[in-house]
1. Tell me which of these ILE145 doesn't satisfy, since it passes every other one: (1) more than 11 Å from the ligand (Cβ to nearest atom); (2) out of contact with any Lys or Arg (no Cβ under 7 Å at 6 or more places or on another chain); (3) outside any loop (DSSP other than H, G, I, E, B); (4) on the phi < 0 side of the Ramachandran plot.
2. For segment 130-171, which positions are charged (D, E, K, R) and out of contact with any strand residue (DSSP E or B) (no Cβ under 6 Å at 6 or more places or on another chain)?
3. Please find, within segment 77-98, the residue that is surrounded by the most Cβ atoms within 10 Å (Cβ to Cβ) out of those that are of a type in the set (A, V, I, L, M) and within 30 Å of GLU23 (Cα to Cα).
4. Can you tell me which residue in segment 24-53 is farthest from ASP102 (Cα to Cα), limited to those that are among the charged types (D, E, K, R) and loosely packed, with under 12 Cβ neighbours inside 10 Å?
5. Would you call PRO74 buried (at least 17 other Cβ atoms within 10 Å of the Cβ) and of a type outside the set (A, V, I, L, M, F, W, C)?
6. Among the residues of segment 1-23, count how many are within 16 Å of the ligand (Cβ to nearest atom), aromatic (Phe, Trp, Tyr) and either surrounded by 14 or more Cβ atoms within 10 Å (Cβ to Cβ) or under 14 Å from ILE113 (Cβ atoms) (or both).
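FYI, it's all coordinate maths here, none of it is from the lab. Just so it is clear, the structure is predicted and the values come from calculations on it, not from any experiment. When we count neighbours, we look across all protein chains shown, and the Cβ atoms used for this are built from the backbone with ideal geometry, even at glycine.
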Amino acid sequence: MPEFFEVIKKRRSIRKYQNKEVEPEKIETILENVILSQTAGNLQSYVIFVIKNHDIKEALTQAAYGQEFIKQAPIVFVVCADQEKAGSVYGKRGYELYSINDASIVATYIELIACALGLGTCWVGAFDEQEVKQILGLPEGIKPIAIIPCGYPAEQPKMPKKKRDMIYFVE
Ligand SMILES: Cc1cc2nc3c(=O)[nH]c(=O)nc-3n(C[C@H](O)[C@H](O)[C@H](O)COP(=O)(O)O)c2cc1C
């Protein structure tokens, strides 16, 4: 198992996957660890779909404006914010912000844990939200945040340039 900082460095957005299944134990390892992430009031105001069904992957690909690599991945996670849950405790701030924070953090955990297990992922945020809601039958208050295809990488992208000129020290 790689060390924490190696995982941080190693994680890249992967958009090509080997034609190889992801072992159910690895999916289970991802899921049992992502639920440990921090969430507002420990409410876990997110919903995670783990999708293997080809037709649903195809529909998600179309909803994401034809980003073909989605359906090529053996597993696709869809992470949603449970706005109703966070809103029921924290009102507008919970509905509009904390639920999105919770879902974004858990999506980041998915990517990092998958990377630690030798898997590749890519956060897909460009999709038609209403279409994704329809595909998954999501009610009002469950907002899809990220589609995350996941599989064994078939590419090794170089680290893109990362700046740090948006960091300010205030002493
Ligand atoms: C909020 C968000 C939305 C993104 N949406 C897409 C997307 O729709 N399609 C895509 O191919 N990559 C998408 N990405 C991945 C970024 O392009 C990628 O993280 C960025 O280029 C940096 O590369 P790295 O992840 O390898 O560091 C998204 C990433 C984030 C965080």
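1. It fails just one condition, (1).
2. Of the residues in segment 130-171, the ones charged (D, E, K, R) are 131, 133, 140, 143, 155, 158, 161-165, 171.
Answer for segment 130-171, where residues must be charged (D, E, K, R) and out of contact with any strand residue (DSSP E or B) (no Cβ under 6 Å at 6 or more places or on another chain): GLU131, LYS133, GLU140, GLU155, LYS158, LYS161, LYS162, LYS163, ARG164, ASP165, GLU171.
3. Our first condition is that a residue be of a type in the set (A, V, I, L, M); within segment 77-98, this holds for 78-79, 81, 86, 89, 97.
Now drop any that are not within 30 Å of GLU23 (Cα to Cα), which leaves 78-79, 81.
Working: VAL78: 23, VAL79: 24, ALA81: 28.
Going through the qualifying residues, I end up with ALA81.
4. Going through segment 24-53, the residues among the charged types (D, E, K, R) turn out to be 25-26, 28, 32, 52.
Right, trim to loosely packed, with under 12 Cβ neighbours inside 10 Å and you get 25, 28, 32.
Values: GLU25: 24, GLU28: 20, GLU32: 16 Å.
Out of the qualifying residues, it is GLU25.
5. Values: buried (at least 17 other Cβ atoms within 10 Å of the Cβ): yes; of a type outside the set (A, V, I, L, M, F, W, C): yes.
Taking the combined requirement at face value, the residue satisfies it.
6. To start, the set of residues in segment 1-23 that are within 16 Å of the ligand (Cβ to nearest atom) comprises 5-17.
Within this subset, residues satisfying the condition of being aromatic (Phe, Trp, Tyr) are 5, 17.
Keeping just the survivors that are either surrounded by 14 or more Cβ atoms within 10 Å (Cβ to Cβ) or under 14 Å from ILE113 (Cβ atoms) (or both) gives 17.
Qualifying residue count, segment 1-23: 1.
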